[in-house]
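*Asks:* Have a look at this one.
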Amino acid sequence: KFGDITKVNLGYLLYLSAFSILPFFRGFLFLVIDTLIITIGENIISPSINTIISRISPVEKRGQYFTSFQVMTGFIYPVAPVLGTFLLTLYSKNLAFMWYPLTITGSIFFLAFIPLWKKIRMSEHTN
């Protein structure tokens with residue numbers, strides 16, 4: 001059994017790898033396989049994020065923590081396809097110019113969250 005933080009990291013690495021290989025392959029079959037990898041990553045992350053939020057939030061503010069998370073993700077879901085379509089149109093001649101910076105940015109965010117995960121591990125035991 002893996003801890004929730006490990007599951008989130010694993011799911012995020014699946015996301016990162018699935019998006020970072022997009023410039024290298026073409027075709028419908030590859031798109032199906034890549035979509036499956038992204039979906040598996042999402043299915044690993046989603047329940048674990050909710051568990052982490054419930055563990056790190058004080059009982060009296062748990063609703064605020066969940067609401068804040070839902071507002072952020074609720075904003076991202078409609079914006080991402082529009083922004084993604086714009087970027088795909090802008091970089092349609094060479095998709096590597098889109099995916100490489102996004103992969104680098106995603107990697108930086110992943111590394112930047114490592115200290116936060118250490119704090120969460122400590123607060124899980126005190127809450």
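The values are calculated or read from the model by the stated rules, or taken from the named source; none is laboratory data. Every value quoted in this text rests on a predicted model; they were computed, and no experiment measured them. Using ideal geometry, Cβ is built from the backbone for each residue, glycine included, and neighbour counts are taken over all protein chains shown. Please note that ligands, DNA and RNA were not included when accessible areas were found on the heavy atoms of the full protein model with its side chains. Shrake-Rupley method; radii C 1.70, N 1.55, O 1.52, S 1.80 Å.
*Asks:* Quick one: count up the residues across the stretch 17-59 that are over 23 Å from residue 100 (Cβ atoms) and of a type in the set (Phe, Trp, Tyr).
*Replies:* 1
*Asks:* To continue, here is another question. Pull out all pairs, ordered by first then second residue, where Cβ-Cβ is under 9 Å, the residues are six or more apart or on different chains, the first lies in the stretch 28-48 and is touching a residue at least 24 places away in the same chain (Cβ under 8 Å) and open to solvent by 50 Å² or more (accessible area, probe 1.4 Å), and the second is assigned to a helix (DSSP H, G or I) and aliphatic (A, V, I, L, M).
*Replies:* The qualifying pairs are 40/14; 40/18; 42/14.
*Asks:* Quick check, is residue 86 free of Cβ contacts under 8 Å to residues at least 24 places away in the same chain and exposed (fewer than 13 other Cβ atoms within 10 Å of the Cβ)?
*Replies:* Criteria met by residue 86.
*Asks:* Say whether the condition of being more than 18 Å from the chain's Cα centre (by Cα) and under 23 Å from residue 8 (Cα atoms) is met by at least one residue in the stretch 71-83.
*Replies:* no
*Asks:* Any idea how many residues of the stretch 95-106 are in contact (Cβ under 8 Å) with a residue 24 or more places away in the chain and open to solvent by 60 Å² or more (accessible area, probe 1.4 Å)?
*Replies:* 2
*Asks:* Looking at 7, 1 in this structure, which one is free of Cβ contacts under 8 Å to residues at least 60 places away in the same chain and within 14 Å of the chain's Cα centre (by Cα)?
*Replies:* 7
*Asks:* Can you pull out every residue in the stretch 66-84 that is modelled with pLDDT of 90 or more and among the β-branched types (Val, Ile, Thr)?
*Replies:* Once the filter is applied, which keeps residues that are modelled with pLDDT of 90 or more and among the β-branched types (Val, Ile, Thr), the stretch 66-84 yields 67, 71, 79, 82.
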